[in-house]
Structures are given as C-alpha cells and as structure tokens.
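Asker: What follows is a single structure, and I will ask about it in a moment.
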Amino acid sequence: MRELLGLRKRDATTSVSRFGTPRSVVPVSRMSTVDLIVIELRKAILAGDLAVGAPLGEVEIAAQLGVSRGPLREAAQRLVQEGLLVSVPGRGLRVRRIGVEEVPDLYEARLALEAHAARRLAQRPNALEIAELEACLARLVAVSAGDEALAIADADLEFHRQLVDLVGSQRMSARASTLLAETRIANLSAHDAYLARRTVSPTYRELIDAIKAGDGETAADALSRQFEAAVARLTGEDDPGDTVESPVGTDTHSFARIETDE
C-alpha cells in the first residue's frame, strides 16, 4: 500500500508540470520519530488492524513502539487532521468510523476531484502517462484474480491516486490522498470483514480509452458510473456480486519497535 510519508522539507527547487504550472520538488530528508509513528499508525488503521471505532491505547502502543507518549500524541494529532482518528470528548482518540449516510458525499467529493483530473489529462494525452494508468489497471486485474481483498482494494485506490497525481498538482494530490483514505475507512466501516469485488468494472478501460482519445467528458462519465455503483454497494442498495473477503479488526495487532537515533 502506498503511504503518505509526511517528510520534512528542506530547500525546494522548482519544476514545471505538463500543463505549464510550477510545482515544487522537495529533497527527501531524514524522518523524525513522529514521522515514523505516523506511518505505523496509518498502516495499522488502513489495513483494519486497528478496528474502526476502537480507542487508541496510548500506553500500550507507546510501549510497543518504544517511544514516549509525547511523540505518539503528536503523531495521533496528524492523523486526526487526515481524518483517520477522531477525538471523542471524555473518551480520548478513536479510529474514525464513516457511516453509510456519509458515503454519497464522500464519492461526490471524489468525483469532483477525479473527473477534473481526467479532463485535464484528456486535454493533452500523453503516451507515458497513459502507460502508467494502463500499468495500474493491469495490476488491478491481476490481483483481482486472487483471494486478497485488501490487495484488490490497494490496487483500486492506487489507480485513482495515479489518475490525480499525473496532473502534477500537489494540492490536488493531497486532497485525493485524504479522500482515498476516507474511502478505505468507509469500506472498513461497512462490514465486519473487508469486502472487495473480484470483477473489474469496464469503466476503468473506458476511462483510459477516453483520456487517450482526448475525450474528457466521456472519461468523467465513466468515473461517475463507477462511483454510482460503488455507492450502491457500500450503502446496501445493490448486491456486491462476486466478492473476496479479508478479516479485519481482530484487536490483536502489535507494533514493532521503532529504531531511531533521536
């Protein structure tokens, strides 16, 4: 699963996106203890190892990671900002739960962002970028033949992440990362296990072909139909059909100790 590393910045250089807009290229610097804790917590949440709605056991997790509660709390606050944790008055921090009533709005926001990305890419079709989307789709098709629901979900989210990243806008990519993380939480909230469709929707192929043909509206329409079907499945309005299931939220997850020089 692709991770948002939240790296600290040093002096940035500037490059130009494919649409002529400037974007920053930030050199990678060494991650702090807080950065490393964020990565571990995020992975556990998005994998369902920390169950939706479950409390964040600060004392236990800090002991397992080998860190003090100060950096753990700072890391947890970052995940509150990302929408993965919530602060419940009188009950501390808990893993966020996204109910079915929130699902239509989540996908409405995703459609606004991703349809715009598809239209932008279709304005100037680029063979290398089309190849990247093709590779993402090939990965999704390959893992969909297996029995790992989370692997299928990861490949699906990576396709959509790549769609937005190819535009070259840091702000769009950041918004997409938040919405895709919320999509994972919504799926984890919908069932006791994680369910993923084994059948790959033809709208992925339609989307790529439309971008390649320079037809942004057809690409956006393919996304719209894909998201409508996803909303219907998550809200129980439609039979999910042939699915793969992975158990999640066993409450037995343990964290490996973090090795730092700090």
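Asker: Which residues, taken from segment 122-133, are aliphatic (A, V, I, L, M) and closer than 14 Å to F159 by Cα?
Answerer: Hits for segment 122-133 are I130, A131, L133.
Asker: Out of L7, L36, I need the residue that is in contact with a Ser or Thr (Cβ under 8 Å, 6 or more places away or on another chain), under 24 Å from D154 (Cβ atoms) and at pLDDT below 55. Which one?
Answerer: Selected residue: L7, the only one of L7, L36 that is in contact with a Ser or Thr (Cβ under 8 Å, 6 or more places away or on another chain), under 24 Å from D154 (Cβ atoms) and at pLDDT below 55.
Asker: Which count do you get for residues in segment 154-208 that are in a helix (DSSP H, G or I), among the β-branched types (V, I, T) and over 15 Å from the mean Cα position of the chain (by Cα)?
Answerer: Residues in segment 154-208 being in a helix (DSSP H, G or I), among the β-branched types (V, I, T) and over 15 Å from the mean Cα position of the chain (by Cα): 2 in total.
Asker: Here's a check for you: in segment 51-97, which residue that is charged (D, E, K, R) and surrounded by fewer than 14 Cβ atoms within 10 Å (Cβ to Cβ) is farthest from L41 (Cα to Cα)?
Answerer: R91
Asker: Among the residues of segment 218-239, is any more than 25 Å from E101 (Cα to Cα), outside any helix (DSSP H, G or I), out of contact with any helix residue (DSSP H, G or I) (no Cβ under 6 Å at 6 or more places or on another chain) and not polar (S, T, N, Q)?
Answerer: No: zero hits.
Asker: Restricted to segment 98-136, and to residues that are in contact with a Lys or Arg (Cβ under 7 Å, 6 or more places away or on another chain) and among the aliphatic types (A, V, I, L, M), which residue is surrounded by the fewest Cβ atoms within 10 Å (Cβ to Cβ)?
Answerer: For segment 98-136, the residue satisfying everything is I130.
Asker: If you don't mind, there's one more thing I want to ask. Looking at L179, is it at pLDDT below 80, among the hydrophobic types (A, V, I, L, M, F, W, C) and farther than 30 Å from R69 by Cβ?
Answerer: Against the criterion (at pLDDT below 80, among the hydrophobic types (A, V, I, L, M, F, W, C) and farther than 30 Å from R69 by Cβ), L179 does not qualify.
Asker: Within the group R110, R119, which residue is in contact (Cβ under 8 Å) with a residue 24 or more places away in the chain, in contact with a His (Cβ under 9 Å, 6 or more places away or on another chain), in the same structural domain as A222 (by TED's automatic domain parsing) and within 22 Å of H160 (Cα to Cα)?
Answerer: R110
Asker: Got at least one residue in segment 186-204 being hydrophobic (A, V, I, L, M, F, W, C), at pLDDT 95 or above and in the same structural domain as D147 (by TED's automatic domain parsing)?
Answerer: The answer is no, given that none of the residues of segment 186-204 is hydrophobic (A, V, I, L, M, F, W, C), at pLDDT 95 or above and in the same structural domain as D147 (by TED's automatic domain parsing).
Asker: Step by step: first the residues of segment 90-141, then only those that are β-branched (V, I, T) and assigned to a helix (DSSP H, G or I), then the one that is modelled with the lowest pLDDT. Which residue is that?
Answerer: V100
The values are calculated or read from the model by the stated rules, or taken from the named source; none is laboratory data. Just so we're clear, the structure is a prediction, and the values are computed from it rather than from any experiment. Note that we place each Cβ from the backbone using ideal geometry, even for glycine, and neighbour counts take in every protein chain shown.
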